[in-house]
Amino acid sequence: MEINEKLDNFLVLEKGMSFKDLDEAKRVMGYYAVSNKKGLRVDHGNNIRLRYKCDVGCLFVCLISVHNKDQRFKIKTLELKHNCQPAFKNRRATQQALAHYFKKNVQNNHKYKLKDMRRDLDDQFKLNISASKMKKVKRIVLEKLDGSYIDDFNRLEAYAQELRDSNPGTDVMINISKKALEQGKRRFLRMYVCFQALKSGWRGGLRPFIGLDGTFLKGKCRGILLVVLGQDSMKHFYPLAWAVVDRETSRT
């Protein structure tokens, strides 16, 4: 389920709801507790089942256990009745759950401050999270993002070859840093892509004109995105090719 800032998709639990593993089940239960402002505790748990009850003894109970047929975890027992007061310090708001919640925000804004993260949780859920805990949450997010960036860069060569195989005539060029090579490392420098269909379309229907536009990349991975533009008879512009470069120079 999509994680939005209000956690709307986690407001309701249903009997029979399934999860790929216990970690996902714990995360969903955490979001349910936070979005509904309910304090939940694990009444019983092991590697094949989890039973949640309300912190203050409401009738609420949720039993999640492994389903023998497909080995997925499912909600087997569910009673949703609560008569307790809202919980503003919620033990289900774990560091891992909050790290998943803030991942997109931190990825899109690397200057997202701890005080802003705490304020957003307070505004959305009246949730009180300590500064020390939020600092750990942000560290988890940054570590995961660093790992995902490295993985993505390591897939670039395979991605380039897939483009060439599936789109014959397509140009894909990847340059790596010569300075890094001298140190025995492979480091991405720049990349250029132009699909064969776009080249054919330019030759067949657009003016013999090439424009260039660019914008700075301001996220974790810096650089400049350059886009080659074509123009039709109505002076409408169409992207023809793109490149990610380290800086805008005559060569790049």
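The values are calculated or read from the model by the stated rules, or taken from the named source; none is laboratory data. Please read these numbers as outputs of a predicted model, since none were measured by experiment. Cβ placement follows ideal geometry from the backbone for every residue including glycine, while neighbour counts extend to all protein chains displayed.
Before moving on, here are some points about what is shown:
- Residue check for residue 177: over 25 Å from residue 10 (Cα atoms) and of a type in the set (S, T, N, Q): yes
- Qualifying residue in region 59-76 (condition: aromatic (Phe, Trp, Tyr), part of a loop (DSSP other than H, G, I, E, B) and without any contact (Cβ under 8 Å) to a residue 60 or more places away in the chain): yes
- Unique match (being at pLDDT 90 or above, farther than 30 Å from residue 96 by Cα and touching a strand residue (DSSP E or B) at 6+ places or on another chain (Cβ under 8 Å)) among 165, 171: 171
- Sole residue being closer than 20 Å to residue 7 by Cα and at pLDDT 90 or above, chosen from 106, 137: 137
- Qualifying residue in region 145-160 (condition: at pLDDT below 90 and touching an Asp or Glu at 6+ places or on another chain (Cβ under 8 Å)): no
- Any hit, region 108-117, residues being out of contact with any helix residue (DSSP H, G or I) (no Cβ under 7 Å at 6 or more places or on another chain) and crowded, with 18+ Cβ neighbours inside 10 Å: no
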